[in-house]
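The values are calculated or read from the model by the stated rules, or taken from the named source; none is laboratory data. Since the structure is predicted, the reported quantities are computational estimates derived from the model, not experimental observations. Here the Cβ positions follow ideal geometry from the backbone for every residue, glycine too, while neighbour counts run over all protein chains shown.
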Amino acid sequence: MEQHQVIVVGGGIGESAAALRAAQHGLKVAWIRGDAGSARASRARYVFSIDNMIGVSGGIVQRKVLELLSGPEHAAAREAIARTHFHVGIPEIVEDVTLRLTADFADQATLVDEKAIAARREGSGFAVETDRGRTFRGGAVVLSTGVMDRQPSVKLTTKSGKLVDDIRWIYPGPTPSRCSTASCAKGTSCAARAWRSSARARPRRRSRCSCTSATASPSRCLETAKRSRPRRRTLFPSGIAAANLLGFTTQSARRGELATSAMSLPRKLVGGDTVIHARRPAAWAGLSDEDAALLDFLRRGGKTSELTQDDTVQRTLALLSENGRLDRLLRIAGAEPPRVRAVLGAMAEQLGKPFATLRRLRASLNPSSRFDFGVLSGLPHARSWQAKGRP
């Protein structure tokens, strides 16, 4: 039986960090990493393309190397390094920890390439047994053996142009069954079989109806259907946050600003300094953040934009023409203030909406009223939609 202060079980980044920190603090540590010949045990070797670790990204390595090669005699080397992608992933990190433990903490750290098969409590400590009959005893045990990740069959092209096909298992697992489709020639590598199997493994979720003792589909029970409806949204970006979301500004507001269809919001939830614009129309509940942000922007006459007047008008028209947004906003325009209706009408006409489509919107405006379009007064049809202050 071998005595240590800490026993670490597992071969990944968490276990390597635990083993290294224990050794750095002067503790005698045994790191049971798993049988190097077993694909399951040495999991760190099978984690695919985990890059840009916090604090250990390739950019950090690249910048440090460039700093070292600061002289004019290293110009060619700096140019080559600047074009190089430094991939620092889990395998590299675990390998680096292994080298550091071997070189700097050989008298404190014991690296064990065996598989832990059992652990038990013994007195005030613990005992861990390996598949080769060895027993390690310590005052503390760190267990971090990882999880099994199953991935669908995919094809991807790496940065170097290499085509990688059929990455289905990050860690090798049980041999998948052969595809049952008679016309399939791929057998066990069939992606369709993998997807069908995973779909069968996920049972359909059925809601229990409170009015009967049997399970029922939500569509067959009114009460269950009401409960299963998606919650209506009540919070939306406003002010500078809305303009930032839409690309009109790069500023960040000193104080938070929100719009809501509710009467108010609890200050403990949103913060005491947050500006709240309450009682937005209930029709906003079906809008995306971008749609609601654009309506908020129109309510302010585009005054939160950092762009020039012409660029603001063009950006607003471009946003309205995306993915049927103009039609969505026109459907709920009746719930908006008259100025917003007028601005929407001018923009819809600019985007080619027929007069018949806009007749109802125009009829909702008081013909004797004039509206401040703000920055959006530069719209070509602003005058015909009752904008004031435009020659």
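Could you list, in sequence order, the residues of region 106-121 that are within 21 Å of residue 27 (Cβ to Cβ) and in a loop (DSSP other than H, G, I, E, B)?
Of everything in region 106-121, those that are within 21 Å of residue 27 (Cβ to Cβ) and in a loop (DSSP other than H, G, I, E, B) turn out to be 106, 107, 108, 113, 114.
Given the structure, is residue 345 in the same structural domain as residue 294 (by TED's automatic domain parsing), closer than 22 Å to residue 321 by Cβ and within 37 Å of the chain's Cα centre (by Cα)?
Spelling it out, residue 345 is indeed in the same structural domain as residue 294 (by TED's automatic domain parsing), closer than 22 Å to residue 321 by Cβ and within 37 Å of the chain's Cα centre (by Cα).
Tell me the residue from 365, 320 that is within 37 Å of the chain's Cα centre (by Cα) and of a type in the set (A, V, I, L, M, F, W, C), please.
320 is the lone residue from the list that is within 37 Å of the chain's Cα centre (by Cα) and of a type in the set (A, V, I, L, M, F, W, C).
Can you spot a residue in region 256-269 that is of a type in the set (D, E, K, R) and either modelled with pLDDT of 70 or more or part of a loop (DSSP other than H, G, I, E, B) (or both)?
yes
Considering (1) crowded, with 17+ Cβ neighbours inside 10 Å; (2) in contact with a Pro (Cβ under 9 Å, 6 or more places away or on another chain); (3) modelled with pLDDT under 90, say which one residue 289 fails and leave the rest.
Exception for residue 289: condition (1).
Among what's in region 280-301 and is assigned to a loop (DSSP other than H, G, I, E, B) and in contact (Cβ under 8 Å) with a residue 12 or more places away in the chain, pick the residue that is farthest from residue 389 (Cα to Cα).
Here the residue is 287.
Go through (1) more than 27 Å from residue 120 (Cα to Cα); (2) at pLDDT below 85 one by one and return the number of the condition residue 36 breaks.
Only one criterion is unmet by residue 36, namely (1).
Residues that are loosely packed, with under 12 Cβ neighbours inside 10 Å: find the helices (runs of 4 or more DSSP H) completely inside region 302-391 holding 1 or more of those.
Of the helices (runs of 4 or more DSSP H) lying wholly inside region 302-391, those with at least 1 residues that are loosely packed, with under 12 Cβ neighbours inside 10 Å span 309-320, 325-331, 355-363.
Can you tell me which residue within region 114-130, out of those that are more than 12 Å from residue 7 (Cβ to Cβ) and among the small types (Gly, Ala, Ser), is surrounded by the fewest Cβ atoms within 10 Å (Cβ to Cβ)?
The residue in question is 124.
If you scan region 348-362, which residues turn out to be over 41 Å from the mean Cα position of the chain (by Cα) and of a type outside the set (Gly, Ala, Ser)?
355, 359, 360, 362
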